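Q: I have a structure I would like to understand better, so I am pasting it below and will then ask my questions one at a time.
The values are calculated or read from the model by the stated rules, or taken from the named source; none is laboratory data. This structure is a prediction, so every number in the text was calculated from the model and none was measured. Cβ: placed from backbone, ideal geometry, glycine included. Neighbour counts: every protein chain shown.
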Amino acid sequence: MSNLKEFSHSIIEQLNYYVYLLIDPETDEVFYVGKGRSNRIFAHINQALVSLDDTDKLGRIRDIQAKDMEVKYLIHRHGLSEKEAFEVEASLIDFIGLQELVNIVGGHKSNSRGQMTVSEIAALYDAPKIKIVEPSILIRVNRLYKRGMDQAELYKITCGNWVIGKRREKAKYVFSIYNGIVRQVYIIHNWFPAPTSNTNQKTRQRWRFEGEIAKEMQYCVGGSVEKYIVLGAQNPIKYVMC
């Protein structure tokens with residue numbers, strides 16, 4: 001059973017929704033958390049064999065396979081409804097930490113209901129809702145943000161690299177957003193292409209900005225941008241008035 005590559009129809013009928021972990025057999029580290037039903041748990045390994053896509057997840061799987069090893073599977077919870085699976089998946093991603101995983105985004109509603117300090121809970125439910133009146137770009141840094149990071153670290157993760165369109169040239173400010181709350185506002189001096197070692201011509205250009213803390217916009221720090229952001233959206237970039 002250790003080399004099982006798919007579930008039988010009998011298992012699938014009884015399994016319902018489940019939350020699963022992909023584990024590196026060399027380190028026993030969890031590198032991916034997912035949810036699904038049927039044979040979803042096996043789909044990533046099959047994709048790594050046939051797909052030309054280059055993602056962190058598929059790259060990790062291929063690295064394991066290149067060592068003549070097999071990804072370890074673990075079903076964390078099963079027999080769940082879809083709603084329950086969303087909640088369990090999000091809780092695990094929050095607990096392990098998105099920075100430790102190859103998941104692209106946090107779990108379902110992790111921005112609004114995920115792991116937070118008591119001060120972040122207070123900020124979320126008592127933060128004043130700000131109104132943005134200048135052309136701006138909101139950048140959600142949820143994947144890279146760490147509690148207690150200093151201003152230099154926050155600026156570094158907010159600067160880029162981002163897949164961002166020409167509308168960037170119209171923006172005056174960049175808002176650094178974590179969990180729907182403004183952590184800092186920067187005035188943009190210029191944008192420049194991010195360096196890349198990828199020779200794939202189909203790869204979209206990523207961009208970085210140079211700027212500094214916008215002193216005139218500090219009243220926005222700690223405020224909520226809930227009205228501008230669709231919680232759960234995968235794109236970390238949101239344009240406002242540009």
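Q: One residue is enough: does the range 67-79 have a residue meeting the conditions hydrophobic (A, V, I, L, M, F, W, C), within 16 Å of N103 (Cβ to Cβ) and loosely packed, with under 13 Cβ neighbours inside 10 Å?
A: Looking through the range 67-79, at least one residue is hydrophobic (A, V, I, L, M, F, W, C), within 16 Å of N103 (Cβ to Cβ) and loosely packed, with under 13 Cβ neighbours inside 10 Å.
Q: With respect to G97, determine if the residue is at positive phi and at pLDDT below 90.
A: So G97 fits the description; yes.
Q: Within the range 151-167, is there a residue that is within 16 Å of Y228 (Cβ to Cβ), at pLDDT 95 or above and within 15 Å of the chain's Cα centre (by Cα)?
A: Looking for residues that are within 16 Å of Y228 (Cβ to Cβ), at pLDDT 95 or above and within 15 Å of the chain's Cα centre (by Cα), one finds none in the range 151-167, hence no.
Q: Another question, if that's okay. Name the pairs whose Cβ atoms lie under 7 Å apart, with the first residue in the range 84-102 and buried (at least 22 other Cβ atoms within 10 Å of the Cβ), the second part of a helix (DSSP H, G or I), and 6 or more positions between them or separate chains?
A: A90/S110; I93/S110; L101/I93
Q: Assuming W191 fulfils every condition listed in (1) over 16 Å from I229 (Cα atoms); (2) modelled with pLDDT under 95 apart from one, which condition is it?
A: (2)
Q: Can you pull out every residue in the range 13-47 that is more than 14 Å from Y73 (Cβ to Cβ) and modelled with pLDDT under 90?
A: Listed by number, the residues that qualify are E13, Q47.
Q: So, of the residues in the range 60-93 that are of a type in the set (G, A, S) and within 14 Å of V33 (Cα to Cα), which turns out to be farthest from the chain's Cα centre (by Cα)?
A: Residue satisfying both the conditions and the ranking: A85.
Q: Kindly indicate the residue of the range 102-143 that is outside any loop (DSSP other than H, G, I, E, B) and basic (K, R) and also modelled with the highest pLDDT among those meeting that condition.
A: R140
Q: For the range 1-54, which positions are closer than 18 Å to L80 by Cβ, exposed (fewer than 14 other Cβ atoms within 10 Å of the Cβ) and among the β-branched types (V, I, T)?
A: Listed by number, the residues that qualify are I11, I12.
Q: Now for a separate question. Where in the range 1-97 are the helices (runs of 4 or more DSSP H), entirely inside, with at least 3 residues that are under 30 Å from Y145 (Cβ atoms) and outside the structural domain of R147 (by TED's automatic domain parsing)?
A: Once the helices (runs of 4 or more DSSP H) in the range 1-97 are filtered for at least 3 residues that are under 30 Å from Y145 (Cβ atoms) and outside the structural domain of R147 (by TED's automatic domain parsing), what remains is 40-50, 56-66, 82-96.
Q: Next question, about the same structure. Please go through the range 162-180 and pick out each residue that is crowded, with 20+ Cβ neighbours inside 10 Å, among the aliphatic types (A, V, I, L, M) and in contact (Cβ under 8 Å) with a residue 40 or more places away in the chain.
A: Matches in the range 162-180: I164, A171, I177.
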